[in-house]
Each structure stands twice: as C-alpha cells, then as structure tokens.
Amino acid sequence: MKEIFLTLVVGLAVAGSGCSNIERSRDLANPNVPAAVTAAQVCSNCHGVDGNSVSPNFPRLAAQQSAYIVAQLENFRGQHRADPAGFEYMWGLSHHLTDAQIKGLADYFSRQAAQPNAPVDAKLVAAGKVIYENGLPAKEAPPCIACHGPKAEGLANFPRLANQHQDYLIKQLQVFQRTDERPNTPMTQIAHLLSTEEMKAVTGYLQSLPIDK
Amino acid sequence: MEMPRSLLRKVPLVFGVLGTAATMFPVDSQALPLFARQTGQNCVACHAGGQFPELTPYGRAFKLTGYTIGDRVKVPLSVMAYGSYTKVSDTSKSDNPAGDFAKNSSPVIGGGSVFAGGKITDNIGAFIQWTYDNYAAQDPNNGAWHGHSAMDNVDIRYADRFINPTRDFIFGVSLNNNPSVSDVWNTSAAWMQYVPGAGVPANQFNDAATPYPGNSSGSNVAGIAAYMYLNKLLYAELGTYRTANGIFSPLSMGLNNAGTTKLQGNNNPYWRLAVTHEWGPHNIMVGTSGNIAHLYDDPTITSDPNSVYKILSTGLDAQYQYILDPHTITAQLAYMRQKTNYSANTVAGNAGLGSPFGFVAADGSLLADPNSSDTTNTFRAKLSYVFQAKYGGSLAYFNLTGTTNTANQTSGYDPATGLITSDPTGALGATALSTRVNGNLSGNPATRGFTYEAFWMPVQYARIGVQYTAYSKYNGASDNYDGMGRNASDNNTLFFYVWGAY
C-alpha cells in the first residue's frame, strides 16, 4: 500500500513537470490544441458534445451557421457581446482562442446534426408561426423568415433559430430589446416591436420546429 | 525515492511562504477567486445560483476533469474570510454563562482560508485549502483566545476524459485528506455543511453544530481514491485512507501529534456510487456512499491493537437542482447510519462499571454498563431557492437518532446525594457532577430541529446571511435534557454571518 502511495506521489511529481496531453487537453491558452478537442473537452460541458445542449441555459450550437458562430466567438473574445450569460460564461473561455481555433470550433458545431427539442403548446406554436412568416404588419415588424430563412435554418451571419431553446431565444430578444449588450444588429429595432406574448409565441414555434434533413 | 521525499518535506515550507505572500500582496478589487481567474468565468458558472460551494453540472465537470479547464494562472491563490454574530435563546440556565456562551451577542472575526491550486498540467489540478481559526483555543488562565491555522481540504487529482458523441468516460485519481472531499454533490459528508463560523462556545448550537451526515474518519487523514463517471449517468469511486504522517504529513499540516487522526493500517476504505440524470434545466443525483475507519482511542498511542475502535458509515443521498436564470432551486436529502464498535480496551474497562462518570439511577441503583457498540442515524433535508444569484433562502430539517448509552450520560443522579446537581462550588460534596447546558441526562443523542436561512450576495464574492436554528429535541429530550431545567428550545440560535472571497 505504501508503495502505491509513493508511486502515485512520484507519478504526480513527474507528470507535474510539464507534459501536455494535446489529444485530450482542456487548456484554453494553448494554440496547438485542435478545435475538435476543445469542443469535446470544454464546450461539450454546456453545449453538448453534438451541440444539442440539454439545459436551456445554454444555446444549442448543432447545425448553427459557421459564420455566425465565428462572429459570436469573436464578439466574446473582444468583449463586444456583454449580455450577462455571455460575459459570465464566454468571455473568459474565449479569451485566448486563436482565429484558427475559432474557425475550427464553428465548423465543428455547424457540422453537427440538430435534434428535435421539447414540444410546445400547439396554440402558441400556431400564433408564433404567423409572426415568424409574416412579421407584425400593424407594428411594421418585418417577417423573421426574411432573414432567418424558411426553415429558420439561418444563413451566414443570420443565425439558425430552429430547435433552439425557447428560454434562450426569449432571453436574447429581451437583451436586444432592453439593453445595448448585443450591439449593431437589426434585432435591436425588431425586438423593440415585440411584446412579451409575441416573443413567447414566436420562440415557442422555433423551439418546436421539426428537424429538416 | 529520496528526491520526492525531500521535495515533500519542503511542501509545508512552500505553503507557508505562499500563505504569507497572499496576505502581504494587496488584492485589488478586480481580482477573482482562483478558479474564476483560471476559466475567466463568473462564479455562477460553477456554483448553483452563486452559492458557494454547491456545484452546477458544469462545476461538477470542472472538478471531475481535475480542475484543468482554462488557462494556468500565474499566482494560483485566493483568500476568503468570514465574521459572525451569534445569539443563543437562553443563556441564563447555565452555571457559567460567560464561559458556556463566550462571544454570545458580540461580533467576531472568525478567520479565513487561503486556497491554492487549480490547473497544473493538462491532466493534473488541485484544490488546497489552508484555514485559520481566530478562536482555535482559549488560555485557561486569562481567557485570551489564540488563533491557529491548519490544513483544511486537500484534493489533488489526475483526470482524463474520453468523449465522443456516443460515449463520455471520465476517470481519475484523487489524493485527498478527507473521505468524500473528492465528491461533486453537495449532499456528501464533506460538503453539505458549509457556512463558516468561528469555533467559539456561543456557536455550539448554530446550524454548523447541528447533526450533519459525517464520515467515519473525519478529515486530516490521507487517502487515494479512483473514480469514474460514465455517460453522465453512473459515478463510481473507491478509495482507501491511512494516517496523514510520514510523506503524507502535509495533508495534516498544522496539527500536532495528538490532534492528528490516527488510523490503523491502510485498510480504511471509502466508496461512492451515484446515478445521475439531466433534463432541461433539471438535474438529479441519487447515490450511496460509505466508509470504514479503524481509529486509535488515543492518537498518541498507536502500538496497542486493543485500543482500536471501528466506525462504519453507510449513507444514502439525493440532490435535485433546477437552474434556469433567474431561478435556482435545490433540494437535498441525506441519510447516514454510523455504527461504532468500541475498542477491546474500552469494552473491558467498562465491564461492571455502570456509568463511567459515576452516576446512578434515580433509585440509587447502578446504571447499565456502557454499550460495546452504538448506532446513530442522521437524516437531513434541505430546500433552497436563490433569485438572480443574489437573494436566497433555505429551510433545513435535521433529525439525529441513536442508541442510548450510559457513556453519553453526562448528567445524572449523584450516588451520595441522590440529586441531580452540577454543584460547581462543591458545596454539596458531590462525587458525580452533572454538566449543565451540554449535559445529557437520557444517554440518548437524539437531536432534531429546523434551520431557516436568508442570504444576500451583493456581489458575487460576498455573502451576508442569517440563520435561525430551532430545536425540538436536544440530547435525547425536548424538555430538561440536562436534568437541570434546560430545554431543547433554550438552545435556539440566531446566527449572522458575513463572508467574502478574493
């Protein structure tokens, strides 16, 4: 037994002298760690290894537009996106990521297949569909479909919204509406036109969208 | 073998230097506690609703993967300090209120901790807590208090993770000094009680002093445990402990020989099994754990195998969390059964003795001999809610039951006078003195009650809280538990605390 203890201590001391384990590293300041490793070892803790996060605290990244993920990671790294969840979780983690790592992470998650999300009340979904496809003409709110795509799959810098957690989407709309924490986007103006009820409906519709192959 | 030994001998020195350095360097208000500095994240990422030390699913992953997420920080240190104010419901039913309730109704700076560790390599990380208690001891002559510092929690681990979309396997080895300190759920023995308070007599009835599930050996021992977590479903851990001396002495640093827990041999196992599940903003754990400790009656005499007693602890616990900003709800249940088999020496010494303190029954007859073994059952349930990681409250229920033992009976009938008296002046010429306040007339440990708590975290590194602990049973009885009129509810305690970390 004593030998085992000793071996462990010696082992720790030797290992402590600096060997790194690039294939399974959780180091966020090492430019040599491949993006797929960081995605699996670190990002997966909240976003899921396949990008389909379980908790609505964390957005799903599966099948998200690569260009949009790059833009958001750059915003976090540059501390331009300051919504509470953004800076609480993402500023630190993205601080030392290289451009190549950011691109690699974006590609990794955009390649993952989206999974269906939890169902939402049918009436809410129906009301949300109308808003998504037609906007709110009375308030001159544009149809979401115009930018986010017919299946809410997004395009380049317009994010995918399909199957995203309703709670996450509502919180983002509130950030756009009430704060300047996600600046320089048409969403600021659009979110100002939405009531809480309308936000609930359209995000409910988005969460419940069927998977489109 | 020589090199690591001499290296280890330097550990206490290095630690001392680090500790001094931490208190000397000015800490600016932007500085973050250690792990937050390492990941650059806010406390709420790892601590549910920001309430240290309760972990979120992500916090658990951070610990299970060996504290290795993030960037290695240059000065891997952080500090925390606390102060408190206590008010015990009744301080009059006592022979010596100034002593029994010292520091009642007066604010005390309790002490604090220095933390060191964090990421060391891609696979190795540490959590090392060194704690200073401002009220560790009192001078019997002039009543002055003396501070003392010693090693608190230590968890140094190696971890690796094999993860892909179909399988997630974390495994690791932890070198630590307290069975279950390696655990990531806050219903485990090492982590359920956490609100710090100075070790002053006034705090003898606050929530920290109420029954909590414990482990057999307590802290300041040395052990290694191997663990694995498969598919975020099944957690298993197995370890064994020994005395923290020789090369392991850093794990009990600051304690003298008599204060160091002495375990017999290396066969003092600890085990843990838990099943977990996450859905939406919810997560749940149901688990079991236990450990066996073979302990010496007198820590300074470890040569006599007949002076070894054995404690077997077996527990069941469950934790549910709902975490969705701005709400955090946690429900915890913990049950621990502890069976103590007293040493052969103790059992032999007790034969034919009756009460070891010399008490007799009400009719003057001899009391039963002390038990050769005892069992206690500790049950604890807690519900807490935190809003916006700022305002929180909790309600906890505790219930300790156990076997009656004349060795627990610290109050009783004096054989000479037939009275129950503490007789502090000796005027009655009593031979057996009952203790007031702490006295136990029944010989039964049963203690039961509730703790109500409210707290506020004005900023993420500070917490102000108040706890009210109300007893319906203490030392086996609701009323007159010490035989001299003290009731369980006389011990009800109001406890304020302030706690900050940098």
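Computed values, structure above
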item: Residues of region B:47-61 classified as among the aromatic types (Phe, Trp, Tyr) and either away from every other protein chain (no Cβ under 12 Å) or over 25 Å from residue B:465 (Cβ atoms) (or both), total; result: 1
item: Hits in region A:51-65 (condition: over 11 Å from the mean Cα position of the chain (by Cα) and either more than 10 Å from chain B (Cβ to nearest Cβ) or buried (at least 22 other Cβ atoms within 10 Å of the Cβ) (or both)); result: A:55
item: Cross-chain or 6+ apart pairs with Cβ under 8 Å, region B:227-243 first and within 11 Å of chain A (Cβ to nearest Cβ), then among the small types (Gly, Ala, Ser) and assigned to a strand (DSSP E or B); result: B:240/B:223; B:240/B:225; B:241/B:222; B:241/B:223; B:241/B:293; B:242/B:222; B:242/B:223
item: Any hit, region B:237-251, residues being closer than 29 Å to residue B:449 by Cβ and more than 14 Å from the chain's Cα centre (by Cα); result: no
item: One residue from B:431, B:421, B:417, B:469 being free of Cβ contacts under 8 Å to residues at least 60 places away in the same chain and polar (S, T, N, Q); result: B:417
item: Single condition residue A:140 does not satisfy, out of (1) out of contact with any helix residue (DSSP H, G or I) (no Cβ under 8 Å at 6 or more places or on another chain); (2) modelled with pLDDT of 95 or more; result: (2)
item: Among residues of region B:237-264, those that are outside any helix (DSSP H, G or I) and in contact with a Lys or Arg (Cβ under 7 Å, 6 or more places away or on another chain), counted; result: 3
item: Lone qualifier among B:154, B:114 - being within 14 Å of chain A (Cβ to nearest Cβ), within 19 Å of the chain's Cα centre (by Cα) and at negative phi; result: B:154
item: Filter result (assigned to a loop (DSSP other than H, G, I, E, B) and touching a helix residue (DSSP H, G or I) at 6+ places or on another chain (Cβ under 9 Å)) within region B:216-236; result: B:219, B:220, B:232
item: Residue list for region B:211-236, filter: within 11 Å of the chain's Cα centre (by Cα), over 13 Å from residue B:293 (Cβ atoms) and crowded, with 24+ Cβ neighbours inside 10 Å; result: B:213
item: Residue in region B:96-115 that is in a loop (DSSP other than H, G, I, E, B), aliphatic (A, V, I, L, M) and in contact (Cβ under 8 Å) with a residue 60 or more places away in the chain present; result: yes
item: Condition check for residue A:96: over 24 Å from residue B:279 (Cα atoms), more than 14 Å from chain B (Cβ to nearest Cβ) and not in a helix (DSSP H, G or I); result: no
item: Region B:123-147: number of residues that are surrounded by 22 or more Cβ atoms within 10 Å (Cβ to Cβ) and among the polar types (S, T, N, Q); result: 1
item: Tally, over region B:472-502, of residues that are of a type in the set (Asp, Glu) and touching a residue at least 60 places away in the same chain (Cβ under 8 Å); result: 2
item: Count of region B:252-283 residues which are within 11 Å of another protein chain (Cβ to nearest Cβ) and within 20 Å of the chain's Cα centre (by Cα); result: 1
item: Single condition residue A:146 does not satisfy, out of (1) on the phi > 0 side of the Ramachandran plot; (2) in the same structural domain as residue A:175 (by TED's automatic domain parsing); result: (1)
item: Within region B:284-312, considering residues that are surrounded by 18 or more Cβ atoms within 10 Å (Cβ to Cβ) and in contact (Cβ under 8 Å) with a residue 60 or more places away in the chain, the one farthest from the other protein chains (Cβ to nearest Cβ); result: B:289
item: All positions within region A:10-50 that are closer than 25 Å to residue A:111 by Cβ, modelled with pLDDT under 90 and among the β-branched types (Val, Ile, Thr); result: A:22
item: Residue ID - surrounded by the fewest Cβ atoms within 10 Å (Cβ to Cβ), chosen from residues in region A:99-119 that are within 13 Å of chain B (Cβ to nearest Cβ) and touching a helix residue (DSSP H, G or I) at 6+ places or on another chain (Cβ under 8 Å); result: A:119
item: Checking residue B:447 against (1) within 23 Å of the chain's Cα centre (by Cα); (2) more than 30 Å from residue B:498 (Cβ to Cβ); (3) not basic (Lys, Arg), the condition it does not meet; result: (2)
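Here is a yes/no grid of residues against (1) touching a strand residue (DSSP E or B) at 6+ places or on another chain (Cβ under 7 Å); (2) outside any loop (DSSP other than H, G, I, E, B):
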{"residue": "B:328", "(1), (2)": "yes, yes"}
{"residue": "B:337", "(1), (2)": "yes, yes"}
{"residue": "B:354", "(1), (2)": "yes, no"}
{"residue": "B:370", "(1), (2)": "no, no"}
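The values are calculated or read from the model by the stated rules, or taken from the named source; none is laboratory data. These numbers were taken from a predicted model, which means no experiment stands behind them. Every residue, glycine among them, receives a Cβ derived from its backbone with ideal geometry; neighbour counts consider all protein chains shown.
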